[in-house]
Structures are given as structure tokens and as C-alpha cells.
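Only one structure is covered here, and it is reproduced in the block below.
The values are calculated or read from the model by the stated rules, or taken from the named source; none is laboratory data. What you see is a predicted model; the values in this text were computed from it and never measured. So basically every Cβ, Gly included, is an ideal-geometry build from the backbone, and we count neighbours across all protein chains shown.
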Amino acid sequence: MPYEFLTVDVADHIATVTVNRPDKLNALNGRVLEELDGVFTAIATDRTVRAVIVTGAGRAFVAGADIAEIAANDVAGLERLSAAGQAIFNRIERLSKPVIAAVNGFALGGGCELALACHFRVASEHAKLGLPEVKLGLIPGYGGTQRLPRLIGKSRALQLILTGEQVDAAEAHRIGLVDVVATAATLHEVARSLALQVIKNGPMAVARAIEAVNDGIDRLPEDAMALEARLFGSLGATRDMAEGTAAFLAKRPAQFTGE
Ligand code: COA
């Protein structure tokens, strides 16, 4: 499928999805969101893709939702926009393959929320992250008010959300908003090597681990543990588990098939 505002390259089973609207700092208009939805829907069932890196073209990762589009909305329109953006970012978070944000520059508002929906985040040392919506008379609407406190704690999240301040990569790393900081020159290689490290492992196990963390995090501990036990057990029916354990005992590398 040809995209107007995305480029998609697949190499070594890793799809790099680049938001490509650099003249507007990759701001997420309706079309970009639709295309992100389309690409992640396609990747979900594409067996040749085993990990995804999300990044931005030019000097920004994504500088937010498109403010010109937002400004044209009324109450019902804004609520619909928020629900639609949330659904797309939920799809990204729930992908059964690792999704890594390579934050190459500004990740503000919806851009920060896109990075938050990814499973982990690598940032270039020049990246700037933040949720500046209050400066526009808005609040984060693509999951930011929910994912940020779960990631960095309620108090720090409220500080970022209420001040609307941008933090640099070092500060984002210090507060747990990004996992790794790289130079601009090594950002993609660092993201790629993390992806390669994950895809060496059993794909069924990786998928179930993502599911256990995503679905367990908001449950009561007992329920979450029961979920973990069920998913742990379900791996007993997979070839990947048979192969992984047999390979260990035979002192040979495992050959996983994702079945
Ligand atoms: N929506 C729509 N357009 C955006 C945008 C957004 N979120 N962010 C940047 N742009 C556009 C600018 O309007 C400008 O377009 P123009 O050249 O047609 O005027 C272009 O991208 C370049 O941005 P500019 O502001 O000139 O770059 P800068 O280096 O001076 O500032 C930022 C960079 C990121 C600090 C600034 O663009 C900004 O504050 N953007 C909005 C961030 C935000 O509030 N996001 C949350 C949205 S809910």
C-alpha cells in the first residue's frame, strides 16, 4: 500500500516506519493517523516482520497532533479525534511484536504519546520530549494522561502535563521516559540492535510477554498473576517452547519458528 506520509522499509525482519511530513515536523493529521493504523494492521499479520522501529523524517520525531486540524473541531469532533487516536495507539501497544521508538528529535504532544505507546524508547541526545497541550488549552488526548503516569509515576507525570515543559533526552532518561540515549549518528543502530536482541528469542514467548505486561498492569495482583500463569501455561503448547528448552539441554542454539 502506498503511503503519503509514511515510509516503510523492511530489513532483517525489522520494519522501520518513518513518519514523513517534515515540513510540518511530522505533525499527525488525520491522514497520518490513518496510515499509521493501516501499516500496523498490515504488520500484525505479516510473518516477515518480527519487530518495528518507529521514527520521524528530518529534525522531529513527531511534533504533535496537527494543531490546525484540532482547532477546527467542536466538542464532539475533539472527542471523536481523541478516541480515534487512542484506538490507533492502542493497536501499536498491543502489537504482538516489539515496537521501539527511535526518538530522533521533537516528540511533543501526540508525538510523545506515540513514543509512549511503543514498547520502549531510544532517544537521540538532541531529542526533546513533552506534553505541551495545556499551553494550547488542551490536555493530552492520545493516551498521554494514562500512559505517562503508569511509566514515570503520577507526580512526575502531572508535573510534565501541567507545566507543558519540554525535557531533553538526558532528563527524559533520568525520569524513565526514555530507556536509552544515543548519539544522533548511532540512534538507528542502537534501536536496531535492541530489535535484533528481541527477535532472536521465541516469537510466541515475546508475544505472550507483551500480552502479560499490557493486560496485567491494571489488574489486581491476584488477577494479574492468574493471567501470567495462563499465558505461561499456554506456551507449553508451542513448538517454540519445545525447541527452546530442547536446544538448551542439547547445548545448541534454538531455531524458533514462531509456532
Ligand atoms: N501541528 C501543526 N503544525 C505544526 C506542528 C503541529 N503540532 N508543529 C509544528 N508545525 C509546523 C509549524 O506550524 C511550521 O509550519 P509552517 O512552516 O508552515 O509555518 C513547521 O511545522 C515548522 O515548525 P516551527 O514552529 O516553525 O519550528 P520551530 O523550530 O520554530 O519550533 C517546535 C519547533 C516543535 C517547538 C514548534 O513547532 C512547536 O511548538 N510545535 C507544536 C508543539 C505542540 O504544541 N504539540 C502538541 C500539539 S497537540
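Given the criteria hydrophobic (A, V, I, L, M, F, W, C) and away from the ligand (no atom under 11 Å from the Cβ), does Ile88 qualify?
Yes.
Would you be able to say whether some residue in the stretch 44-51 is of a type outside the set (Phe, Trp, Tyr), more than 16 Å from the ligand (Cβ to nearest atom), assigned to a helix (DSSP H, G or I) and over 15 Å from Ala115 (Cα atoms)?
Scanning the stretch 44-51 turns up at least one residue that is of a type outside the set (Phe, Trp, Tyr), more than 16 Å from the ligand (Cβ to nearest atom), assigned to a helix (DSSP H, G or I) and over 15 Å from Ala115 (Cα atoms).
When you look at Val213, is it among the β-branched types (Val, Ile, Thr), surrounded by 17 or more Cβ atoms within 10 Å (Cβ to Cβ) and modelled with pLDDT of 95 or more, yes or no?
Taking the combined requirement at face value, the residue does not satisfy it.
Can you tell me which of (1) of a type outside the set (S, T, N, Q); (2) touching a helix residue (DSSP H, G or I) at 6+ places or on another chain (Cβ under 7 Å); (3) within 13 Å of the ligand (Cβ to nearest atom) is the one Ala68 doesn't meet?
All conditions are met except number (2).
Can you name every one of the strands (runs of 3 or more DSSP E) wholly within the stretch 60-142 that holds 2 or more residues which are touching a residue at least 60 places away in the same chain (Cβ under 8 Å)?
99-103, 120-124
Is the stretch 57-64 home to any residue that is away from the ligand (no atom under 13 Å from the Cβ), touching a Pro at 6+ places or on another chain (Cβ under 9 Å) and modelled with pLDDT of 95 or more?
There is no residue in the stretch 57-64 that is away from the ligand (no atom under 13 Å from the Cβ), touching a Pro at 6+ places or on another chain (Cβ under 9 Å) and modelled with pLDDT of 95 or more.
Only one of Lys97, Lys128 is more than 12 Å from the ligand (Cβ to nearest atom) and of a type in the set (D, E, K, R); which?
Every option except Lys97 fails the conditions.
Among the residues of the stretch 58-87, how many are on the phi > 0 side of the Ramachandran plot and under 16 Å from the mean Cα position of the chain (by Cα)?
The total comes to 1.
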